[in-house]
Amino acid sequence: MSGKKKIVRPRYQQIAVDLAERIVENRYKVGEKIHARSTLASTYNASPETTRKAINVLVDLGIMEVRHGSGAFVASKEKAKDFLQRAFSIILLASMIIWFLQSFDLHLNLVKDSADSILAMVAGVLAPIFKPIGLGDWRICTALISGFMAKESVVSTLEVLFSGNIASVLTPLAAASLLVFSLLYTPCVAAIASIKREMGSKWAVGVVVWQCVIAWVAALIVHLIGMI
């Protein structure tokens, strides 16, 4: 089966970008309360969880602030501009890189199967690192790499690479390890870009490495307990 996959920006990122654009265009002014999550969910035809994630992205970036008992309010128009100009461009660049690595081999030939791609080769190098936690399959490593763009990409990439039969390949214990690792390892590239901008490159790299280590250790503990 062809491993090609059209990269689509996750819905919560689309909503976050749209909200930031509204702030920049003064449709939401600084200090103004954003609609309730249920209203936003209806407006964007999305689940409340998706709109919550979109708001959380903007809160993490300092564009919005949450006042307990009152809701989310616009905090900074300048940071909204910065998000649209910088962080979003990084998301786009990361998407293009993942697409390129999934679509071409080392000779820059377009591949019909992701197993022959550059990304598969990189994942194959990383596979031994993940073997102790039950995730030594290159396809799982490929999905985790794509997760740096957005965590939602992990599931969709797994579905493509396993041709929809992931349940027949991934054991319950491996699935538990994968879930723990996915929950704890580094957030999406937009969040890392924000950390880099606010705290510098060293802190951004440190956060990525530290969170990956914590995620690996936690997944190993789950795997070892499951084998008892």
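The values are calculated or read from the model by the stated rules, or taken from the named source; none is laboratory data. Quick caveat, the model's predicted, so the values are computed rather than measured. A quick note on method: Cβ atoms are made from the backbone with ideal geometry, for glycine too, and the neighbour counts reach across all protein chains shown.
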Within the stretch 16-43, track down each residue that is assigned to a loop (DSSP other than H, G, I, E, B) and either among the hydrophobic types (A, V, I, L, M, F, W, C) or under 15 Å from LYS77 (Cβ atoms) (or both). GLU25, ASN26, ARG27, TYR28, LYS29, VAL30, GLY31, GLU32, ILE34, ALA36
Can you pull out the residues in the stretch 152-165 that are surrounded by 17 or more Cβ atoms within 10 Å (Cβ to Cβ), touching a helix residue (DSSP H, G or I) at 6+ places or on another chain (Cβ under 7 Å) and either touching a residue at least 40 places away in the same chain (Cβ under 8 Å) or assigned to a helix (DSSP H, G or I) (or both)? SER153, VAL154, THR157, LEU158, LEU161
Sort out which residues of the stretch 128-151 are part of a loop (DSSP other than H, G, I, E, B), under 20 Å from ILE97 (Cβ atoms) and at pLDDT 75 or above, and write them in order of number. GLY147, PHE148
Enumeration of residues in the stretch 51-81 that are assigned to a loop (DSSP other than H, G, I, E, B) and more than 20 Å from the chain's Cα centre (by Cα): HIS68, GLY69, SER70, ALA75, SER76
Determine if the stretch 195-208 includes at least one residue that is of a type in the set (Phe, Trp, Tyr) and in a loop (DSSP other than H, G, I, E, B). no
Among the residues of the stretch 119-127, are any at pLDDT 85 or above, more than 30 Å from VAL222 (Cβ to Cβ) and not in a loop (DSSP other than H, G, I, E, B)? no
I need the full set of residues from the stretch 94-118 which are of a type outside the set (A, V, I, L, M, F, W, C) and not in a helix (DSSP H, G or I), in order please. ASP105, HIS107, ASN109, LYS112, ASP113, SER117
Residues in the stretch 150-160: is at least one over 15 Å from the mean Cα position of the chain (by Cα) and closer than 25 Å to THR50 by Cα? yes
The stretch 166-187: number of residues that are outside any helix (DSSP H, G or I) and either among the β-branched types (Val, Ile, Thr) or in contact with a Ser or Thr (Cβ under 6 Å, 6 or more places away or on another chain) (or both): 2
Tell me whether the stretch 92-107 contains one or more residues that are exposed (fewer than 15 other Cβ atoms within 10 Å of the Cβ), more than 24 Å from ALA191 (Cα to Cα) and touching a residue at least 24 places away in the same chain (Cβ under 8 Å). no
Report yes if some residue within the stretch 171-182 is within 29 Å of GLY62 (Cα to Cα), within 12 Å of the chain's Cα centre (by Cα) and surrounded by fewer than 18 Cβ atoms within 10 Å (Cβ to Cβ); otherwise report no. yes
